[in-house]
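The values are calculated or read from the model by the stated rules, or taken from the named source; none is laboratory data. Predicted model only: the values in this text are computed from it and were never measured. Neighbour counts are summed over all protein chains in view; Cβ atoms, including those assigned to glycine, are modelled from backbone coordinates with ideal geometry.
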Amino acid sequence: MSEEQVTVAQVPDISLQFDGKVTTDTRPGYSGFIVGAENLLEVVKSLRDEWGFDYLSSVTGVDYLPEGKMEVVYHLYRTIGGPALVLKVQVPRDEAVVPSLYDLFKSADWQEREAWDLLGIHFEGHPDLRRILTWEGFAGHPLRKDWKEAYFEEETKPYKSRWPEGQTGYIESNNPFHDNVQYPSGFDPDTWISAAEEALYASAKKIGRDEELHTDTVVVNLGPQHPSTHGVFRMVAALDGEQVVFLKPVVGYLHRNHEKIGERNTYLQNMPFTDRLDYVSSMSNNFGYALAVEKLMGIQPPERAEYIRVMMAELTRWMNHVFSFGFLWNDLGSYFTPMIYALEERELILDIFEAVSGSRMMCNYFRFGGVARDLPAGVLDKVKELVFERMPRRLDDIDKMLSTNEIVRNRCIGCGVLTAEMAINNGASGPNLRASGVPYDIRRADPYSIYDRLDFDVVVHYHGDVFDRYLTRLDEARQANRILQQVVRDIPEGPIMTGKPAYQVRVPAGESYGRVEAPKGELGFYIVSTGKPNPWRYHVRSPSFINLISLEDMCRGGKIADVVLNLGAVDIVLGEVDR
Amino acid sequence: MTGKGFLSMLFGVFKRFVMTYVEDFRKGKDRYYTAEGIESRRKADVDGIFTIQYPEEKLPVPEEFRFLPFLVYEEGENGEKDLRCTSCGICAKVCPPQCIWIVRTNDPVTGKPIPEPKEFYIDVDICMNCGLCAEYCPFDAIKMDHDYEIASYTREGNIYGIERLSKPLSYYSGIRPTNFAAEEIARQEKEAMKAAAKKPAAPVEGA
């Protein structure tokens, strides 16, 4: 980072190319390029094939209500590393139609569906543009700035009714219907049949039918409440015998519109809400959000805070991966005993989180420009005990119990293969991507915090099956351990906060995209500020959500029993998928 | 040999099973239902049974543990409660789920606000225990509690009023001794600075 090095991973000024079809985004605080909707496909295809931007990380929209514009924002990366190339397409709000990138990047699939669902942007050419997070009968597109929720009180927090004349009361009494459901006009819940659901079943039944033998596929719903789906999650599968010929995940059962809540919140208020995304690794979520806002504010946390942050993030990573081994065992049918082994290790780390932040899971520990409080006395010694003794030993135990176990090997090897091309095209990230032979780790590819000074390896395995995903996590946990050992050794004394702690931070107008290598993959926060106390747009690029796009590719052609295993190996948390 | 890996896993599980008894035998009765026993089961070198038998046993919570806010009051000489809260409204403004309602007191004669709350409500059903109110209170008047056993049968009464929220300073210094000590030192320093600043003719009033 320090010396000026010419890297391959620099963003070219593409406004000089493409015969003026691309212009630089000159709004203050913004970066990237604006391209016309009619030229989008051509430009993206060229960027992918000629410029090496082969990884479409994030697709989202921003509703610029005052200007009457809808903007679609694309973040493209090179899997060899480097910063993002940000592309934007501006269309009128009333007829927001943008060509779909589905044919170029399959990672656009769910993200475009999400943008359609929440913002009402129509992606032309998308083969399956259904709602994804809200239900089919939902009235309106909730992230549009003129959409109001059932309990709507005010555009932004803090609400005026709280102080100085606090009008206390139950929130539902604000609603004349005492009901938090909104229906479209003319909607009758008794007779309504979801057209999208019908279409989903029809397309599942269509595949694999043999007209001559009059055989039929069987359509099976796994979920939404199913003991082997890690939460409220549903898969519609069509089976030919035991073989899966069609599989579509259905998500959104835990949807709470985190992004709308985020846009109502002030910047600081949103910090505890990020804990609720991937509730297994809340510290990492804090990290990503803090980075995005700090980028906008242009501040840097002091050295000690950086070390504490990395320590917490790596403890989270270790814990998450060990947790995922427990679930792997569980999904293989060894019910809950090994899961409890994993939970034991997690408990000890949660003890540390609790001592540091005050809460075991909902840590809310990071602040803009540092962390909430210094490590209490004795915590560092506890961490040292863990990282030098218990954690490496436990990893070896797990390695011994799983890696040579014949049942694990027979079930996992060759199951749910995802090739490198598919993984990149599907936008898979984290261990899922690296298990397919793509050495792409944001801590190395686009370093943040102090990771460029730490000594660790990017773990990569090449078969892309469930077993390699497990091995990747195992090795990654070892690397996390290695990072932790360096961190506890080198952690300096000093302040933990840049500037004074303030409950209202001043964030200049502009946009920023902060991303971290969360345990599950690339966790990105896209924030647009207008200089007000609340973000204008707050988008989460959640790794679990986008990794699930690959699930269909993993399961197709395999046995139905392996679906459970594949789902477990993707390692999702529904709080983050459904947001 | 096929099956060796599988057997070694089974052996691992069996070893853990046996170890629970060995540990129990070695530590004897003190392992359960005693403070030392609980402490020994939370150490990094623990083997055997890990579980804390709640509610017979309870994990001691760390000082930073946060669960629902309460208002700190200082006890006067003849037992009157002097709330530290000045109803400045920062906690209500910083609260992420907006579960704090404050009614400010106005002087009946002049109509000017008086620095004490008339009413103070927290809807504990909505509170997300984030601790931001305690963190940003400039008067150390609202703090996070340690008492997590507040289950009730109905929602009624879950909007806590000023009575239910107020707890004495001695309670606060009891559950958070380190924080309390640090705050006291900061307060004394501040007062010393104020006193030093007051010596010249023009006193500068801060917050």
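Kindly indicate the residue of region A:541-572 that is of a type in the set (Gly, Ala, Ser) and farther than 13 Å from A:LEU328 by Cβ and also surrounded by the most Cβ atoms within 10 Å (Cβ to Cβ) among those meeting that condition. Looking at residues that are of a type in the set (Gly, Ala, Ser) and farther than 13 Å from A:LEU328 by Cβ, I get A:SER542.
Quick check on A:GLU576: is it over 30 Å from A:GLN300 (Cα atoms) and among the acidic types (Asp, Glu)? No: the conditions fail for A:GLU576. Among the residues of region B:126-174, those that are in contact (Cβ under 8 Å) with a residue 24 or more places away in the chain, of a type outside the set (A, V, I, L, M, F, W, C) and either more than 23 Å from A:SER357 (Cβ to Cβ) or touching a His at 6+ places or on another chain (Cβ under 7 Å) (or both) comprise B:ARG155, B:ASN158, B:TYR160, B:GLY161, B:SER166, B:PRO168, B:SER170.
For A:TYR151, are the conditions met, namely being within 12 Å of another protein chain (Cβ to nearest Cβ) and modelled with pLDDT under 80? Spelling it out, A:TYR151 is indeed within 12 Å of another protein chain (Cβ to nearest Cβ) and modelled with pLDDT under 80. One residue stands out in region A:314-344 among those that are within 11 Å of chain B (Cβ to nearest Cβ) and within 25 Å of the chain's Cα centre (by Cα): the one that is farthest from B:ARG42 (Cα to Cα), namely A:TRP329.
Enumerate the pairs (first residue in region B:1-25 and more than 13 Å from A:ILE398 (Cα to Cα); second residue anywhere and among the charged types (D, E, K, R) and not in a helix (DSSP H, G or I)) with beta-carbon separation below 7 Å, excluding pairs fewer than 6 apart on the same chain, so at least 6 apart or on different chains. Cβ pairs passing all conditions: B:MET19/B:ASP47; B:GLU23/B:ASP47. Determine if region A:397-406 includes at least one residue that is within 13 Å of another protein chain (Cβ to nearest Cβ), surrounded by fewer than 20 Cβ atoms within 10 Å (Cβ to Cβ) and hydroxyl-bearing (Ser, Thr, Tyr). Scanning region A:397-406 turns up at least one residue that is within 13 Å of another protein chain (Cβ to nearest Cβ), surrounded by fewer than 20 Cβ atoms within 10 Å (Cβ to Cβ) and hydroxyl-bearing (Ser, Thr, Tyr). Of everything listed in (1) touching a helix residue (DSSP H, G or I) at 6+ places or on another chain (Cβ under 7 Å); (2) within 14 Å of another protein chain (Cβ to nearest Cβ); (3) in a loop (DSSP other than H, G, I, E, B), the single unmet condition for B:ILE102 is (3). Within region A:488-524, being surrounded by fewer than 24 Cβ atoms within 10 Å (Cβ to Cβ), more than 14 Å from every other protein chain (Cβ to nearest Cβ) and more than 30 Å from A:ARG27 (Cα to Cα) holds for A:ARG489, A:ASP490, A:ILE491, A:PRO492, A:GLU493, A:GLY494, A:PRO495. Checking each residue in region A:18-28 for being surrounded by fewer than 16 Cβ atoms within 10 Å (Cβ to Cβ) and either touching a residue at least 24 places away in the same chain (Cβ under 8 Å) or not β-branched (Val, Ile, Thr) (or both) picks out A:ASP19, A:GLY20, A:ARG27, A:PRO28. Kindly indicate whether B:GLY76 is in the same structural domain as B:ALA134 (by TED's automatic domain parsing), over 24 Å from A:GLU389 (Cβ atoms) and small (Gly, Ala, Ser). Criteria met by B:GLY76. Only a single item in (1) charged (D, E, K, R); (2) in contact (Cβ under 8 Å) with a residue 40 or more places away in the chain; (3) touching a helix residue (DSSP H, G or I) at 6+ places or on another chain (Cβ under 6 Å) is not met by B:ASP30, and it is number (2).
Determine which member of the set A:ALA313, A:ALA290, A:ALA355 is in contact with a Phe, Trp or Tyr (Cβ under 7 Å, 6 or more places away or on another chain) and closer than 23 Å to A:ALA377 by Cβ. Matching residue, one of A:ALA313, A:ALA290, A:ALA355: A:ALA313.
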